[in-house]
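The values are calculated or read from the model by the stated rules, or taken from the named source; none is laboratory data. Since the model is a prediction, treat every value here as computed from it, not as a measurement. Note that we place each Cβ from the backbone using ideal geometry, even for glycine, and neighbour counts take in every protein chain shown.
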Amino acid sequence: MNRWIEKQRHLIDFTANSLARRKARSLGLLVVYTLLVFVLASVSLYTHALRNEATRVLAGTPEIVLQRLIAGRHDLIPPGYMDSVGRLRGVQKIEGRLWGYYYDSVMKANYTFMVPTDRTVADGEIIVGPALERSRGLAAGNGISFRSYSGELHTFIITEVLPHESELVSADLVLMSEADFRRFFTYPEGQYTDIALWVANPREVRNVGLKLMEKLPDSRPILREEVLRTYASIFDWREGMMLALLSAAILAFGIFAWEKAAGLSAEEKREIGILKAIGWETGDVIAMKFWEGLLISLLAFLLGYVAAYIHVFHGNFALLQPVLKGWAVLYPSFSLTPKIDGLQVATLFLFTVLPYTAATLVPIWSAATTDPDTVMRG
Amino acid sequence: MLELANIRKAFNQGQHNEYWALKGIDIDIPPAQVNVLKGPSGSGKTTLLTILGCLARPTEGRVRLKGEDISGLPERFLTEIRRSTFGFIFQQFNLVRGLSAVENIILPGYPTGTPRGRLLERAEALLAEMQLSHRRDAKVEWLSGGEQQRVAICRALINDPEILIADEPTANLDSKLSAEFLVILQRLAAAGRTVILTSHDPLVVESDVVDRVYSLRDGQLIGVQDKAIA
């Protein structure tokens, strides 16, 4: 065993030395390979983190949101509608929600006006999201006027700005009292935008949804898990689009790396002949080349992955962000929570390190199995 | 020490350009002597040397090392024998460029798993023996022809082989360096090593250092001259 370890140490020594002797080639290969890992890892880390963020943010939202439909379109919940939902087994809490969109012609952006259910806002006051704070230069204590759709001007005092941590969903939010909301939008008394239902047991959510559809055929229950799935598929789709766009570059990188790894120079072939003639077995030569592939690809993988990590979590994904994040006038500015998924790392490892290591072994097989006497014949 | 019985070697066997390089050779190499295979180009000396050194297999015939038939052994075992029993010196020296003299010397020791410290110790001793210690860390491409050959000899001796094989070792050396090389061979034979070399250099063939000369022509052994008896 000790001899085996000692032998591998010798082979690694020799390999490291050969790489150092072919500096330009080794460095070129390392840079290209690192870039390849960097791009793939950046995309994968970013979409993974976005998905996590969405899950985290949606964790506090109700399990089911019930909307009323007329002619397939979303309509207001009329008075008494909530009572007809009645008591449903498994439902912990049921609440009517009030929210709507407001177009700000100054900023040319849409805000979401909402009446919070977990806190009270005094009449004449509002709480705004961080994007509003940034774009309109607002701070707590400032006043702001909005012209309602009926043409009236309403003035509010800002009492608070929502925390940045929740910016992914609260960037464009304006929270106000129920009375202000109804007055601003001339929203009919007793009516709501939709109904939120909290279900304690996650396995019951789907049943509750089905029961709601039976009881209120003109309604549409939206489950939180479905929202999450939609988010996930949007991110997956964007990730796929991006990888498709990048595929040509990735392929070019791949071909370059393959060619560099797979091609044996005349000098290398000569060296292999010498090594065989002085007593190296075919297996020793292959093991040496295996270490070469592994050293380069492991190093490139580590460098590429660390660079991608820094790019995504500390550099705000600057290089590829516009493609993956989507578009909005009021961009939520948020930093992602660093998270590494073992499976994701393993997949990337499998698709980068293994093919490269294999690529280095293929040509060596034929070179290593040639008869050692060829070296004698120059 | 090394016996060859009815050795025949064909290249491109079964094809239109089939060529028989050796046509039935019987040789018995005695231990601790300097043996020379001589003959003109195309006589089959290098082919015979590769078979003697287990670098190639004969198409027909038997090779016996210390009485044991090794001609049918699989490559793995043959490599093991080659590594432990033979040391090789090539015409072009075949040193690995970019590596220092000492790193070249210890290369054959790598597959044996011998600790680096011990390999280096042995390499230093060999370098000292060849009066080359001062060139220990020089890259081999910076060495002169004579120095390169001495490094090649050190490399051939690193695994302490019983048999030393050299193909046209003086082809790239001037007369002075060739004479120095022969002195080294004499020392090695005196230390109990068997030396087998090919050469058509009269300086080598006619040297007193050589014990036995095998003359080859057209793939056949045409004479053996035992200089010790003569």
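For the stretch A:275-314, give me the residue count where each residue is outside any helix (DSSP H, G or I) and of a type in the set (Phe, Trp, Tyr).
1
Could you check residue A:54 against (1) surrounded by fewer than 16 Cβ atoms within 10 Å (Cβ to Cβ); (2) modelled with pLDDT under 80 and say which number it fails?
(1)
Rundown of residues vs (1) buried (at least 16 other Cβ atoms within 10 Å of the Cβ); (2) out of contact with any helix residue (DSSP H, G or I) (no Cβ under 9 Å at 6 or more places or on another chain), yes/no style:
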site	(1), (2)
A:25	no, no
A:36	yes, no
A:63	yes, no
A:73	no, yes
A:76	yes, yes
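When you go through A:278, A:310 one by one, which is the residue that is free of Cβ contacts under 8 Å to residues at least 12 places away in the same chain and closer than 27 Å to residue B:82 by Cβ?
A:278
Kindly list the number of the only condition in (1) outside the structural domain of residue A:203 (by TED's automatic domain parsing); (2) in contact with a Leu (Cβ under 9 Å, 6 or more places away or on another chain) that fails for residue A:94.
(1)
Given the condition exposed (fewer than 14 other Cβ atoms within 10 Å of the Cβ) and more than 23 Å from residue A:190 (Cα to Cα), answer yes or no: does some residue in the stretch A:122-139 qualify?
yes
Could you list, in sequence order, the residues of the stretch B:46-78 that are basic (Lys, Arg) and more than 13 Å from residue A:373 (Cβ to Cβ)?
B:62, B:64, B:66, B:76
Restricting the search to the stretch B:1-44, which residues are farther than 24 Å from residue B:181 by Cα and β-branched (Val, Ile, Thr)?
Within the stretch B:1-44, B:7, B:25, B:27 qualify.
Considering only the stretch B:159-187, state which residues are touching a residue at least 60 places away in the same chain (Cβ under 8 Å) and under 27 Å from residue B:114 (Cα atoms).
B:159, B:161, B:162, B:163, B:164, B:165, B:166, B:185
Being crowded, with 20+ Cβ neighbours inside 10 Å, in a loop (DSSP other than H, G, I, E, B) and either at pLDDT 90 or above or basic (Lys, Arg) (or both) is the filter here; which residues of the stretch B:58-106 pass it?
Once the filter is applied, which keeps residues that are crowded, with 20+ Cβ neighbours inside 10 Å, in a loop (DSSP other than H, G, I, E, B) and either at pLDDT 90 or above or basic (Lys, Arg) (or both), the stretch B:58-106 yields B:58, B:95, B:96, B:99.
Does any residue of the stretch A:199-206 turn out to be of a type in the set (Asp, Glu) and free of Cβ contacts under 8 Å to residues at least 40 places away in the same chain?
Among the residues of the stretch A:199-206, not one is of a type in the set (Asp, Glu) and free of Cβ contacts under 8 Å to residues at least 40 places away in the same chain, which makes the answer no.
Is one or more of the residues making up the stretch B:56-72 acidic (Asp, Glu) and either within 18 Å of the chain's Cα centre (by Cα) or within 11 Å of another protein chain (Cβ to nearest Cβ) (or both)?
no
Being more than 8 Å from every other protein chain (Cβ to nearest Cβ), within 21 Å of the chain's Cα centre (by Cα) and not β-branched (Val, Ile, Thr) is the filter here, so list the residues in the stretch B:96-106 that pass it.
If the condition is that a residue be more than 8 Å from every other protein chain (Cβ to nearest Cβ), within 21 Å of the chain's Cα centre (by Cα) and not β-branched (Val, Ile, Thr), then B:101, B:104 are the ones that fit.
Quick check on residue A:143: is it assigned by TED's automatic domain parsing to the domain that holds residue A:81, over 17 Å from residue A:102 (Cα atoms) and surrounded by fewer than 16 Cβ atoms within 10 Å (Cβ to Cβ)?
It is true that residue A:143 is assigned by TED's automatic domain parsing to the domain that holds residue A:81, over 17 Å from residue A:102 (Cα atoms) and surrounded by fewer than 16 Cβ atoms within 10 Å (Cβ to Cβ).
Quick check on the stretch B:144-153. Is at least one of its residues surrounded by fewer than 22 Cβ atoms within 10 Å (Cβ to Cβ) and over 20 Å from the mean Cα position of the chain (by Cα)?
Checked against the condition, which is being surrounded by fewer than 22 Cβ atoms within 10 Å (Cβ to Cβ) and over 20 Å from the mean Cα position of the chain (by Cα), the stretch B:144-153 yields at least one hit.
Do we find that residue A:238 is touching a residue at least 60 places away in the same chain (Cβ under 8 Å) and either more than 20 Å from residue A:85 (Cβ to Cβ) or assigned to a helix (DSSP H, G or I) (or both) in this structure?
yes
I'd like to verify a number: residues in the stretch B:2-53 that are on the phi < 0 side of the Ramachandran plot and not in a helix (DSSP H, G or I), how many?
36
Scan (1) at pLDDT 85 or above; (2) of a type outside the set (Ser, Thr, Tyr); (3) in contact with a Phe, Trp or Tyr (Cβ under 9 Å, 6 or more places away or on another chain) for the single condition residue A:167 breaks and write down its number.
(1)
Condition (residue is of a type in the set (Ser, Thr, Tyr) and either over 30 Å from residue A:351 (Cβ atoms) or assigned by TED's automatic domain parsing to the domain that holds residue A:85 (or both)) applied to the stretch A:203-226: is it met by at least one residue?
Yes; the residues of the stretch A:203-226 include at least one that is of a type in the set (Ser, Thr, Tyr) and either over 30 Å from residue A:351 (Cβ atoms) or assigned by TED's automatic domain parsing to the domain that holds residue A:85 (or both).
Please enumerate the residues belonging to the stretch B:36-94 that are aromatic (Phe, Trp, Tyr) and either in contact (Cβ under 8 Å) with a residue 60 or more places away in the chain or in contact with a Gly (Cβ under 9 Å, 6 or more places away or on another chain) (or both).
Result: B:86, B:88, B:90, B:93.
Being β-branched (Val, Ile, Thr), within 30 Å of residue A:94 (Cα to Cα) and over 28 Å from the mean Cα position of the chain (by Cα) narrows it down to one of A:120, A:155, so name that one.
When all the criteria are applied, what remains is A:120.
Determine whether the stretch B:162-174 contains at least one residue that is surrounded by 15 or more Cβ atoms within 10 Å (Cβ to Cβ) and more than 20 Å from the chain's Cα centre (by Cα).
No, the stretch B:162-174 contains no residue that is surrounded by 15 or more Cβ atoms within 10 Å (Cβ to Cβ) and more than 20 Å from the chain's Cα centre (by Cα).
If a residue counts only when it is at pLDDT 90 or above and within 14 Å of chain A (Cβ to nearest Cβ), which helices (runs of 4 or more DSSP H) contained entirely in the stretch B:122-230 have at least 1 such residues?
Here the list reads B:145-157.
If only one of B:109, B:113, B:117 is facing another protein chain (nearest Cβ under 7 Å) and closer than 15 Å to residue A:6 by Cβ, which one is it?
Criteria check complete, one pass: B:113.
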